[in-house]
Amino acid sequence: MKRVALLGATGSIGRQAVEIVATHPELELVAAASGSQPVDGLAPLTQVGGDLTELLERAEPDVVLNAVVGFAGLPATLWALEHGVTLALANKESLVAAGELALDARERGGGLLLPVDSEHSAAFQCLEGRRADEIDSLVLTASGGPFRGRTREELEDVTAEEALSHPTWQMGPKITIDSATLANKGLELLEAHFLFGLPYEQIEVTLQPTSIVHALVRFRDGASLAHIGYPDMRVPISFALTYPERAATPIEPLDFSRGLVLEFAPPDVETFPLLALARKAGEDGGTYPCAFNAANEVAVAAFLDGKLPFLGIAETVEETLGEVDGAPARDLDDLVEADAVARTLAEKGLPVA
Ligand SMILES: NC(=O)c1ccc[n+]([C@@H]2O[C@H](COP(=O)([O-])OP(=O)(O)OC[C@H]3O[C@@H](n4cnc5c(N)ncnc54)[C@H](OP(=O)(O)O)[C@@H]3O)[C@@H](O)[C@H]2O)c1
């Protein structure tokens, strides 16, 4: 039996994880947590809000599935890595923000870090067992979101409702907006760098509008491996929770008789600048990725509240990155401070209501 602690149990990933756990008798949900919605009865131990590491201490899990949204997931990520407990990570923001601190914790803890993000789960599977010198480059795919192909002018007045209707994935509101701005792919670029230890110049992003190809690795011999399947988060969730077994799921395999469109195109980084801003934040290093994430969280919340236009999200992030010092975080206190400074700067830059 594998003891699973599920954080963010009421969210999009969390609900799908509950479904996966229910279909695998070898998985036992020992703890469940949310931010504010009730989780009573979901697991023997539950917690709403507060310090999630207290729940993890009591639960003694074998696997922590961190599906909290945003920087709030950071303490749980660090707890699992530090304790050598397998971390199934959906909460990309924590790895992006903590970067080297998270990797140091993994080094000390010695446990597994298994990505749940579909692109990174796919990349993990293509890269597994390969040496760094065999790899030419990693290609992350993006659907392009609901506004793919639009001009900046056409994006000036888009509403939260329009931005929330994603063409291929059903997800929580924050990541759906991040997909519409391409900030999500920016976060994923940073996430991939930390997960796989690849330099940024070896990570490319391409649009693949049907979300069938989840990631692709080019090798030095000219061969490329791609991970393909219908877009369904239960696949990477199940992969991470049952690793290395690759247990069965109810998801249908690809059916070629229905036809399959595999189109690729470069992303439009002029219209969607957050991808390029994330790349620059990663290359600049230090706490720039943390600041990118913090400013983006503030801006997305403001957009969803109707306080910031869609194009203002990237502007807020760009201005914040121009104002922070990006000094590396020596410890968690430094990181929390860098996050707080970036949030304050981002909030100051929001239009006055
Ligand atoms: N959805 C996807 O398909 C998908 C795909 C790849 C990666 N991800 C990543 O997975 C994470 C979760 O995404 P989602 O779409 O599932 O988000 P979501 O639907 O908004 O769910 C977020 C979950 O986090 C909980 N939460 C929020 N703040 C918390 C706090 N301070 N303490 C404890 N729990 C808190 C929420 O609890 P309440 O309900 O009580 O607020 C909810 O259970 C994100 O990092 C996202 O980028 C998601």
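The values are calculated or read from the model by the stated rules, or taken from the named source; none is laboratory data. Please read all numbers here as calculations on a predicted model, not as lab measurements. All Cβ positions, glycine included, derive from the backbone under ideal geometry; neighbour counts span all protein chains shown. Keep in mind that these areas ignore ligands, DNA and RNA; they rest on the heavy atoms of the full protein, side chains included. Shrake-Rupley method; radii C 1.70, N 1.55, O 1.52, S 1.80 Å.
Among the residues in segment 195-212, are any farther than 26 Å from THR10 by Cα, assigned to a helix (DSSP H, G or I) and open to solvent by 70 Å² or more (accessible area, probe 1.4 Å)? Yes, there is a match, as at least one residue in segment 195-212 is farther than 26 Å from THR10 by Cα, assigned to a helix (DSSP H, G or I) and open to solvent by 70 Å² or more (accessible area, probe 1.4 Å).
Taking each residue of segment 238-267 that is without any contact (Cβ under 8 Å) to a residue 24 or more places away in the chain and among the aliphatic types (A, V, I, L, M) and looking for partners that are open to solvent by 40 Å² or more (accessible area, probe 1.4 Å) and outside any loop (DSSP other than H, G, I, E, B) with beta-carbon atoms closer than 8 Å, six or more apart or interchain, yields ILE251/ARG234; ILE251/VAL235. In segment 30-42, the qualifying residues are those that are surrounded by fewer than 23 Cβ atoms within 10 Å (Cβ to Cβ) and within 23 Å of ALA247 (Cα to Cα), and the one that is nearest to the ligand (Cβ to nearest atom) is LEU42.
On the stretch given as segment 61-70, residues that are near the ligand (Cβ under 9 Å from one of its atoms) and either more than 16 Å from the chain's Cα centre (by Cα) or farther than 21 Å from GLU19 by Cβ (or both) total 1. Which residue is most open to solvent (accessible area, probe 1.4 Å), if the candidates are limited to segment 154-176 and must be within 24 Å of GLU263 (Cβ to Cβ) and in a helix (DSSP H, G or I)? Checking each candidate, the answer is GLU154. Tallying residues that are outside any helix (DSSP H, G or I), more than 10 Å from the ligand (Cβ to nearest atom) and open to solvent by less than 20 Å² (accessible area, probe 1.4 Å) within segment 86-107 yields 3.
Considering each of ARG58, ARG3 in turn, give the residue that is without any contact (Cβ under 8 Å) to a residue 40 or more places away in the chain, away from the ligand (no atom under 13 Å from the Cβ) and either in contact with a strand residue (DSSP E or B) (Cβ under 7 Å, 6 or more places away or on another chain) or of a type in the set (Phe, Trp, Tyr) (or both).
Criteria check complete, one pass: ARG58.
Considering only residues in segment 108-143 that are assigned to a loop (DSSP other than H, G, I, E, B) and either within 16 Å of the ligand (Cβ to nearest atom) or within 14 Å of PHE219 (Cα to Cα) (or both), the one that is most open to solvent (accessible area, probe 1.4 Å) turns out to be ARG131. Considering only segment 71-85, state which residues are part of a helix (DSSP H, G or I) and either among the hydrophobic types (A, V, I, L, M, F, W, C) or more than 10 Å from the ligand (Cβ to nearest atom) (or both). Scanning segment 71-85 gives PHE71, ALA72, LEU74, ALA76, THR77, LEU78, TRP79, ALA80, LEU81, GLU82, HIS83.
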